[in-house]
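None of the figures in this text is laboratory data; all of them are computed from the coordinates on show. Fair warning: this is a prediction, and the values are worked out from it, not measured in the lab. Positions of Cβ are backbone-derived with ideal geometry, glycine not excepted, and every protein chain shown enters the neighbour counts.
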């Protein structure tokens with residue numbers, strides 16, 4: 001196999017042949033010790049191809065699916081390079097290596113792998129992402145790190161505050177580069193890349209599920225003639241994934257899902273959906289049918305997301321329902337089944353979803369539902385993966401009538417105490433002075449006349465409206481057509497404070513009765529407070 005440079009020149013970097021062991025790659029002793037402790041022996045194909053190229057100091061743009069060991073590939077290669085020199089003179093706010101990930105789940109997973117593989121290296125690693133303690137991450141950065149891992153938004157935030165700079169950066173890694181495009185992060189990526197040392201003065205690595213034109217364009221612009229690495233022995237989807245396709249009607253999807261969960265009895269499974277609303281609906285039905293599950297979506301608070309992932313990883317939670325926010329970056333072993341409850345609208349997302357199972361050479365199953373709402377994606381998906389997904393028949397035994405769904409009280413982002421952008425505990429109804437942490441004050445705005453405020457309150461106070469109406473009916477000078485009007489001159493016998501109130505204005509005024517002299521005198525001068533006051537006196 002050859003690894004061609006991105007400029008498509010005649011020269012090519014020859015691969016090292018078959019998959020090697022880590023000991024054959026001449027890695028530093030500290031890294032070999034870590035791989036032995038983790039039980040790593042033979043390299044995966046992507047590791048055997050990329051590690052020699054990284055050791056030679058060449059930039060790479062590699063196509064690698066999730067679960068192929070690409071994270072260990074760039075971490076081991078980068079750590080070996082960092083350990084070969086002391087980094088020279090640099091300030092503590094100048095990291096030596098930067099890893100940019102599109103999602104916080106992926107960033108957290110990379111940090112976990114970095115801690116495991118670099119445990120004996122002495123390199124200090126840190127991760128930054130949104131949704132958790134801002135100041136804690138800031139203090140950790142200010143204390144100095146060697147390897148910085150993060151999502152684009154939080155990285156730029158700290159960079160603009162000059163918590164760190166990139167002038168002494170030696171290595172940069174872009175993981176899931178195609179996902180960066182999907183999520184609209186490319187402008188942020190370019191911002192960071194342009195503030196690093198120029199490409200010839202740093203080692204740059206890019207990993208992507210597909211080396212599309214837009215991905216390679218990014219490589220051409222910001223890398224130093226990268227070697228384009230594509231694995232040939234592995235297809236677009238992992239070899240160990242058995243795929244199955246069902247074509248249910250929309251109202252059959254929940255019964256079919258329940259039937260498959262019963263018949264397949266998956267040990268650990270992920271159900272992927274396209275919307276948060278669908279995820280919540282499935283969770284309600286599964287919980288109502290005595291099936292334990294958890295939901296991972298953008299509406300779930302970060303601390304709860306981590307708790308759900310911890311339960312799922314440990315095996316105490318057998319089913320995880322997820323939107324595409326979790327389709328990439330999750331490294332969870334022994335996922336036996338993946339269910340595409342909704343077919344993804346992008347073919348690449350299908351590959352990333354089913355890549356959650358059959359990781360590192362294991363076996364798994366991917367079941368997809370092609371209903372009338374999302375079946376239009378099927379031809380593109382099958383063309384992208386280069387095969388037709390086997391179609392399965394829906395039998396009556398697979399359709400289980402569901403029990404009523406359970407209503408679940410949800411704790412969403414932006415609600416409740418400490419919620420981002422939300423109220424602190426809601427409005428305090430016992431406080432007469434208005435809300436305590438947001439909300440409209442109940443006492444009226446300063447700077448306005450008391451008469452206008454009194455008129456506004458009487459308009460909205462049912463007790464005052466009722467009292468005004470009864471007083472108006474007791475006056476013999478007002479007929480039925482004008483009795484319901486809260487005019488101060490027509491009420492007769494109001495409290496002294498009412499005489500100063502501004503008369504209520506209507507868009508259409510009815511002509512007063514001829515014998516209503518009191519009302520007529522007020523109507524002759526509409527809006528005249530003095531006239532109203534004289535008549536009530």
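Assorted remarks:
- Packing-based order for 248-254, 75-81, using average beta carbon neighbours within 10 Å, highest first: 75-81, 248-254
- Contact order for segment 93-143, expressed relative to its length and based on alpha carbon pairs under 8 Å spaced 6+ residues apart, stands at 40 percent.
- Rel. contact order, % - alpha carbon contacts under 8 angstrom, at least six apart, segment 241-398: 36
- Difference of contour (0.36 nm per residue) and Cα-Cα distance, residue 384 to residue 399: 2.3 nm
- Spin-label pair residue 212/residue 225, simplified geometry with 7 Å Cα→Cβ offset, distance in nm: 2.9
- Inter-part distance where segment 257-291 and segment 128-144 are each reduced to a Cα centre, Å: 36
- Oblate is the label for segment 2-230. Its Cα gyration tensor axes, ordered a ≥ b ≥ c, give a/c of at least 1.5 and b/c at or above a/b.
- The length gained by stretching the chain between residue 89 and residue 346 to full extension, at 0.36 nm per residue less their Cα-Cα distance, is 87.9 nm.
- Shape analysis of segment 241-398 places it in the rounded category; the axes a ≥ b ≥ c from the Cα gyration tensor give an a/c below 1.5.
- The shape of segment 94-154 comes out oblate: with a ≥ b ≥ c from the C-alpha gyration tensor, a/c is at least 1.5 while a/b does not beat b/c.
- Segment 2-230 - percent relative contact order, Cα under 8 Å, separation 6 or more: 28
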